[in-house]
1. Within segment 69-100, count every residue that is assigned to a helix (DSSP H, G or I), more than 16 Å from Met280 (Cα to Cα) and touching a strand residue (DSSP E or B) at 6+ places or on another chain (Cβ under 6 Å).
2. Do we have any residue at all in segment 139-149 that's surrounded by fewer than 21 Cβ atoms within 10 Å (Cβ to Cβ) and among the small types (Gly, Ala, Ser)?
3. Within segment 222-236, can you find the residues that are touching a Leu at 6+ places or on another chain (Cβ under 9 Å) and open to solvent by less than 20 Å² (accessible area, probe 1.4 Å)?
4. Tell me, which helices (runs of 4 or more DSSP H) lie completely within segment 130-196 with 2 or more residues that are in contact with a Lys or Arg (Cβ under 9 Å, 6 or more places away or on another chain) and in contact (Cβ under 8 Å) with a residue 24 or more places away in the chain?
5. Got a number for residues in segment 180-193 being among the hydrophobic types (A, V, I, L, M, F, W, C) and within 28 Å of the chain's Cα centre (by Cα)?
6. Give me the pairs: first residue in segment 52-68 and closer than 20 Å to Lys34 by Cα, second residue among the acidic types (Asp, Glu) and part of a strand (DSSP E or B), beta-carbon distance under 6 Å, and six or more apart or on different chains, which are they?
7. Could you pull out the residue among Leu13, Leu48 that is within 21 Å of the chain's Cα centre (by Cα) and over 20 Å from Ser108 (Cβ atoms)?
8. Are there any pairs with C-beta distances below 7 angstrom linking a residue in segment 29-43 that is under 30 Å from Glu76 (Cβ atoms) and open to solvent by 40 Å² or more (accessible area, probe 1.4 Å) to a residue that is part of a strand (DSSP E or B) and acidic (Asp, Glu), with the two at least 6 apart or on different chains, and if so which?
Amino acid sequence: MIENDLIESLLNLAFAEDIGDGDHSTLSCIPADKKGKAKLLIKEPGVLAGVEVAKKVFHKFDPELKIEVFINDGAEVKPGDIAFTVEGKDQSLLQTERTVLNIMQRMSGIATTTRKYVKVIDGLHTRLLDTRKTTPGLRVLEKMAVKIGGGTNHRMGLFDMVMLKDNHVDFAGGIEKAVNKTKAYLKEKGKDLKIEVEVRNLDELRQALAVGVDRVMFDNFDIPTTKEAVKIVNGQVETESSGGITIDTLRSYAECGVDFISVGALTHSVKGLDMSLKAMD
């Protein structure tokens, strides 16, 4: 499974960049056989994410580490909450501390932000999507965090869905040519992928509907134009709004009747959730 493979590679890199040829701070003063216990302490309110990944970090580094989870991914947390405890060799606890915190703080920040956006469109059928505006190498974790926060993942990358954006359309010579070439390519390669086309105006929307696609993305449409676009589509294909949509305008776009709204800010402009891994007596 690609998700597991990506996480495995990510953890290998995380250990390599943090530990290198050894954690000399730990190795110099902590006996190899000394054991202890630490707790994951929450220091600000938010949505917890990354617990399951933290378990992978601990077990990959030292299979003998024992984790007891008290709060699971997706739960809303507050300062003073203890998400889990981990017990085992002190050296292992110290060498995994920063990797676990980096992952969990980032993922929890994304889940917290996503939950705020999702609550804004509560009661409507519109679903909140992430984008490819992610930290290189961390996409799999960041998209996991979006799901934990209540959002929906768009494509993982360039390989699992076709999205013909404005540059594709312009380079190909128009929407009809771009879509027809894509369909021929997918047939030749034996690939069954959805085709989404980004449209910049209502004329391009009509072209996309005429040639036949699975989803249309309304790029930087204002609210009145979005309403008109949804009427034109009339349920023929999936609809998505994107471009410059903020938490303040999110519900107004959702009320236009679009199926999806994609928001890059879920992953590219997020503050990590404050937490620490503290030794226990």
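1. 0
2. no
3. Hits for segment 222-236 are Ala229, Val233.
4. Once the helices (runs of 4 or more DSSP H) in segment 130-196 are filtered for at least 2 residues that are in contact with a Lys or Arg (Cβ under 9 Å, 6 or more places away or on another chain) and in contact (Cβ under 8 Å) with a residue 24 or more places away in the chain, what remains is 139-148, 166-172.
5. Residues flagged as among the hydrophobic types (A, V, I, L, M, F, W, C) and within 28 Å of the chain's Cα centre (by Cα) within segment 180-193 amount to 2.
6. Once the first residue is closer than 20 Å to Lys34 by Cα and sits in segment 52-68, its partners that are among the acidic types (Asp, Glu) and part of a strand (DSSP E or B) give Lys66/Glu87.
7. Leu13
8. Lys37/Glu87
The values are calculated or read from the model by the stated rules, or taken from the named source; none is laboratory data. Worth saying up front: this structure is predicted, and the values here are computed from it rather than measured. Backbone-built Cβ (ideal geometry, glycine too); neighbour counts: all protein chains shown. What goes into the accessible areas is simple: the full protein's heavy atoms, side chains included, and nothing from ligands, DNA or RNA. Shrake-Rupley method; radii C 1.70, N 1.55, O 1.52, S 1.80 Å.
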